[in-house]
1. In the list ALA129, ALA121, which residue meets the criterion of being surrounded by fewer than 10 Cβ atoms within 10 Å (Cβ to Cβ), in the same structural domain as GLN84 (by TED's automatic domain parsing) and without any contact (Cβ under 8 Å) to a residue 40 or more places away in the chain?
2. For the stretch 84-101, how many residues meet the condition of being on the phi < 0 side of the Ramachandran plot and loosely packed, with under 13 Cβ neighbours inside 10 Å?
3. Among what's in the stretch 105-118 and is in contact with a Leu (Cβ under 9 Å, 6 or more places away or on another chain) and under 23 Å from ASP73 (Cβ atoms), pick the residue that is surrounded by the fewest Cβ atoms within 10 Å (Cβ to Cβ).
Amino acid sequence: MHTRNNHRKTEHRVGPNAIRQNVKVRPKIPLACVVAAMLCAASGGCTISTTPDGHIQTEWAGNHARQQAAEQDRDRALALQIRQALANDPVLAPLDLGIFVDHGNVRLCGDYPDGTSRDRAVGLISIMAGVASVNTRCGGE
């Protein structure tokens, strides 16, 4: 016999005489966690999640947004440094390459006249601080 109850789950335990017993089990969540989660949710500034083992996790939503903004700022600054480096190179400046940066991964898109200029661009950019990788394959290439 199973009953539905949103707050309880049914466990089947075997007693000492091999008699099945239905025991109602309540999730054990400390009151302090519940109160903290409610206050956090009421403030509208956090996210609440539960781990697979039933623990409640809260995180201020602003932390994630700040981290993303900081990463985007680093990528923008790196893209500007790359643009300046390419503009200062007499071989690469006329190519007017598109520069895309995501978490330090750089894509240089455009028409390269030959493999030497492509290698020159990769070599110039790959040694810059903050560059994780350089890729020259873009779109349908």
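1. Only one candidate qualifies: ALA129.
2. Selection size over the stretch 84-101: 7.
3. The qualifying residue surrounded by the fewest Cβ atoms within 10 Å (Cβ to Cβ) is CYS109.
The values are calculated or read from the model by the stated rules, or taken from the named source; none is laboratory data. Everything quoted here is computed from the prediction, not taken from an experiment. Positions of Cβ are backbone-derived with ideal geometry, glycine not excepted, and every protein chain shown enters the neighbour counts.
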